[in-house]
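Below is one structure, written out as structure tokens; comments come after it.
The values are calculated or read from the model by the stated rules, or taken from the named source; none is laboratory data. Please read all numbers here as calculations on a predicted model, not as lab measurements. In this analysis, Cβ positions are derived from the backbone assuming ideal geometry, glycine residues included, and neighbour counts consider all displayed protein chains. Quick note on the areas: whole protein, heavy atoms, side chains included, nothing else; ligands and nucleic acids left out. Shrake-Rupley method; radii C 1.70, N 1.55, O 1.52, S 1.80 Å.
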Amino acid sequence: MLYASGRFLAARAATTLSAPPRARGPALRGKRRELQIPGHLETPSYDSLTGLRTRPSAPPARRVILRKGRMPPAIGGGLAGSELRPRRGRCAPQASRAVGRDTVPQVAARNLKRPAWSSRRFEAAGRWATLAVVTLLSFATRFHRLDQPAHICWDETHFGKMGSYYINRTFFFDVHPPLGKMLIALAGYLSGYDGTFLFQKPGDSYEHHSYMGMRGFCAFLGSWLIPFAYLTVLDLSKSFPAALLTAALLTFDTGCLTLSQYILLDPILMFFIMAAMLSMVKYNSCGNRPFSAPWWFWLSLTGISLAGALGVKFVGLFIILQVGLNTISDLWHLFGDLSLSLVTVGKHLTARILCLIVLPLVLYVTIFAVHVMVLNKSGPGDGFFSSAFQARLSGNSLHNASIPEHLAYGSVITVKNLRMAMGYLHSHRHLYPEGIGARQQQVTTYLHKDDNNLWIIKKHNTNTDPLDPSFPVEFVRHGDIIRLEHKETTRNLHSHYHEAPLTRKHFQVTGYGINGTGDSNDFWRIEVINRKFGNRIKVLRSRIRLIHLVTGCVLGSSGKILPKWGWEQLEVTCTPYLKETANSIWNIEDHINPKLPNISLDVLQPSFPEILLESHMVMIRGNNGLKPKDNEFTSKPWHWPINYQGLRFSGANDTDFRVYLLGNPVVWWLNLVSIVLYVLSGSTVAIAMQRGVQLPAELEGLTRVLLRGGGQLLLGWMLHYFPFFLMGRILYFHHYFPAMLFSSMLTGVLWDTLLRLCAWALASSPLGSRIHVMGILSLLLATAYSFYLFHPLAYGMVGPLAQEPESPMAGLRWLESWEF
């Protein structure tokens, strides 16, 4: 809202002014370009931050003296300290602010004393040196003690294992898109890891296995977050102190440091998010040179980064949404610029469609194509996908298989639910616990291949063996009454009027009977969707429903996860609601009958678009179905900004090597205060400007940075934080860290602006000239000292716990919810 308000007010002001005449001839393109004095000094000039024209102040000479005397000096530059000097950069506007005639001799004399080229070289060298220092400090903190601990920490057990699957080309299932895991696997492969480590559980030692390549890759990408944030804030605010403060907040945050040092998806995701944000800001700054090489470069890099963010996790959609809103706003303003033809506006629209939609989409699809091509061996993820999908996996029972085409009595079969990630109809010898319906054998769905998935299809009114050679083959047809006998336990698939374990108003499904002998509640009518009575049932192809003969209910799977007594498998119910849904539709997958001829299954393999669609359906369903396990540390979104509770990465006892994911409380609480202050101050300024309040000329640039630059960052924080309140899946503390990046950048911009405003207000006081410098230095020192206090949380510690005086964290457990 604040960002949009700032853009609207600035645009409205600009429309009342006429464009400056273009400078002609070589006279205005001399070596001393830092002046860029227009041919007519009375002509309105372009603002160096926004590219919008500004009204000249009268008298001009008085305006220059006021700015020089009233604004605080900048540490290395900024808006307040150099009003006469235009901003430098490849894509920055080259026009300066209007300067009065009586100031020209003073400026010219000053230029005679100091050559322009020397000043520019000095400033450029200073900028590059600062960026180098920020980058080196970031890399140093992320790579320090990277090899410790030499055992699995937290989710390394998942993503390290998935890296092994890629190296071994073994198919698996994960709720996230594949790019992050593929990059981890590539880093491990190039660094000598052979994919043989099992990654069974946290705490297992890596021993002789090479794990540093994968950790080093994640630390490498995590190290670039600080330079990216530094450059983003520098471009949004044109203030070196704001950028430096942002870099310090992220460098000295123990949470960002911890996440960057392990084999996780988070540093990879945040790398692409920050790369997309930086690229978007850069191509915005190139707006005065559309279709130039830098403009195309940054626009294309934005699209590439968006594909990378979405290719790692679906939360990459949030940065896509931010770039999309920025693009819509940009195109809307271009459309309102009457100096541009509709053809030019169409070119802008086409360029953004190509770079921000087509390019990311092509890259995203390519990621999945590589994923499908590499993982071509059967593995633990087979059961999450359809039978046709499994037929393409080498080693799967359906790969290059030949099975009977039509279902016959006496066949041994597996029955698979057609809803993605529902699994196979399954039973085992365990009974439902007391108080959960009838105490009979459990029937569930199970996602993995297992002998307990096998059933024998028999006629409802006979116990004779259909495989007896003396009996002719009799095919199962649409509308037949059948009985399904569990092969391992010889109990029949059974239902009755008892309520299902988890789903109200559904009936319980059990295994009942002995050696196939039960009662009438074991009878089911088999129906093929959209077929006539009497038609044969085809294996894999026919979509069937099983209707319970006594109750009239339909066999289905609710998708709800049973408690530990049900081995956390999925609930099977008999629903009285006869509407056709994927939950109640099944197909026959495995089919064994020695009396029938076989056909090849190669013709059933799906096309790549079908694989892509099915993969996304399975991932989305898997994401929504994530539930917390017993004794698992979870959190709620309101916990995150206040740093309420961390996450134990490694160890719990005083003899363990302990790593605890917790944000630096000074940084996080400063960010929280800054968000509140920004909303108050930004709203006040926006309302005042909307009501026509005339701000002093010295404050125009600062308010523009506050509303436009700060508004972009507040929007990023909101988009990466508030959607989690709507999610029904399990949430963890680390989900907040992309939003934390934006809040840290907003903190840098806000405090730099507020301190400059304080310095302007106290200009008559001796303190006024020093308050900005003192304020920035105080924040930098406080951040660095807090990192010194809390760094054992990130780098690890052994010995007494925090409540003991000898502990390195003694006295630092400021909240009872911190469990270090």
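Since G203 meets every condition but one in (1) on the phi < 0 side of the Ramachandran plot; (2) surrounded by fewer than 21 Cβ atoms within 10 Å (Cβ to Cβ), which condition does it not meet?
(1)
Output the number of the condition that V365 fails; it satisfies all remaining conditions of (1) assigned to a helix (DSSP H, G or I); (2) open to solvent by 50 Å² or more (accessible area, probe 1.4 Å).
The failed condition is (2).
Here is a check on your reading of the model: is E499 among the acidic types (D, E), touching a Phe, Trp or Tyr at 6+ places or on another chain (Cβ under 8 Å), under 18 Å from L549 (Cα atoms) and open to solvent by 40 Å² or more (accessible area, probe 1.4 Å)?
On the way: among the acidic types (D, E): yes; touching a Phe, Trp or Tyr at 6+ places or on another chain (Cβ under 8 Å): yes; under 18 Å from L549 (Cα atoms): yes; open to solvent by 40 Å² or more (accessible area, probe 1.4 Å): yes.
Here the answer is yes, as E499 does meet what is asked.
Look through L269, L250 and report the one residue that is part of a helix (DSSP H, G or I), in contact with a Ser or Thr (Cβ under 9 Å, 6 or more places away or on another chain) and either modelled with pLDDT under 95 or open to solvent by less than 10 Å² (accessible area, probe 1.4 Å) (or both).
On inspection, the qualifying residue turns out to be L250.
Being in contact with a helix residue (DSSP H, G or I) (Cβ under 9 Å, 6 or more places away or on another chain), open to solvent by 10 Å² or more (accessible area, probe 1.4 Å) and either touching a residue at least 60 places away in the same chain (Cβ under 8 Å) or farther than 26 Å from G646 by Cα (or both) narrows it down to one of L231, L245, so name that one.
Exactly one of L231, L245 is in contact with a helix residue (DSSP H, G or I) (Cβ under 9 Å, 6 or more places away or on another chain), open to solvent by 10 Å² or more (accessible area, probe 1.4 Å) and either touching a residue at least 60 places away in the same chain (Cβ under 8 Å) or farther than 26 Å from G646 by Cα (or both), namely L231.
Kindly indicate which of L731, L780 is open to solvent by 10 Å² or more (accessible area, probe 1.4 Å), closer than 27 Å to L715 by Cβ and in a helix (DSSP H, G or I).
Values: L731 fails: in a helix (DSSP H, G or I).
Of L731, L780, the one residue that is open to solvent by 10 Å² or more (accessible area, probe 1.4 Å), closer than 27 Å to L715 by Cβ and in a helix (DSSP H, G or I) is L780.
Taking segment 545-565 as the region of interest, how many residues are hydrophobic (A, V, I, L, M, F, W, C), out of contact with any Lys or Arg (no Cβ under 7 Å at 6 or more places or on another chain), under 20 Å from R525 (Cα atoms) and open to solvent by less than 20 Å² (accessible area, probe 1.4 Å)?
Number of matching residues: 3.
Given the criterion among the aliphatic types (A, V, I, L, M), assigned to a loop (DSSP other than H, G, I, E, B) and more than 32 Å from the chain's Cα centre (by Cα), identify the matching residue among V685, V693.
Working: V685 fails: assigned to a loop (DSSP other than H, G, I, E, B).
Exactly one residue qualifies, and that residue is V693.
If L359 satisfies all but one of (1) touching a residue at least 12 places away in the same chain (Cβ under 8 Å); (2) among the aliphatic types (A, V, I, L, M); (3) under 30 Å from K449 (Cβ atoms), what's the number of the condition it fails?
(3)
Every residue, every condition in (1) surrounded by 14 or more Cβ atoms within 10 Å (Cβ to Cβ); (2) more than 26 Å from G552 (Cα to Cα); (3) in contact with a Gly (Cβ under 9 Å, 6 or more places away or on another chain), yes or no:
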{"position": "W455", "(1), (2), (3)": "yes, no, no"}
{"position": "K459", "(1), (2), (3)": "yes, no, no"}
{"position": "P466", "(1), (2), (3)": "yes, yes, yes"}
{"position": "R477", "(1), (2), (3)": "yes, no, yes"}
{"position": "R491", "(1), (2), (3)": "yes, no, yes"}
{"position": "S495", "(1), (2), (3)": "yes, no, no"}
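Let me spell it out: the conditions are (1) modelled with pLDDT of 95 or more; (2) under 29 Å from the mean Cα position of the chain (by Cα), and H735 meets all of them except one. Which number is the exception?
Status for H735: all satisfied but (1).
Within segment 502-538, how many residues are within 41 Å of the chain's Cα centre (by Cα) and surrounded by 15 or more Cβ atoms within 10 Å (Cβ to Cβ)?
6
Tell me which of these S558 doesn't satisfy, since it passes every other one: (1) of a type in the set (S, T, N, Q); (2) closer than 20 Å to W455 by Cα; (3) free of Cβ contacts under 8 Å to residues at least 60 places away in the same chain.
(2)
Here are some conditions: (1) farther than 21 Å from Q442 by Cβ; (2) in a strand (DSSP E or B). G552 meets all but one. Which one does it not meet?
Only one criterion is unmet by G552, namely (2).
Got at least one residue in segment 170-183 being in a loop (DSSP other than H, G, I, E, B), open to solvent by 60 Å² or more (accessible area, probe 1.4 Å) and either within 18 Å of G216 (Cα to Cα) or in contact with a Ser or Thr (Cβ under 9 Å, 6 or more places away or on another chain) (or both)?
no
Filter segment 481-522 for residues that are among the charged types (D, E, K, R) and part of a loop (DSSP other than H, G, I, E, B); which is nearest to T462 (Cα to Cα)? Before you say what the answer is, go through the steps one by one.
Our first condition is that a residue be among the charged types (D, E, K, R); within segment 481-522, this holds for 483, 485, 487-488, 491, 499, 504-505, 519, 522.
Okay, now just the ones that are also part of a loop (DSSP other than H, G, I, E, B), so 487-488, 491, 504-505, 519.
Numbers: K487: 17, E488: 20, R491: 15, R504: 34, K505: 32, D519: 12 Å.
Result: D519.
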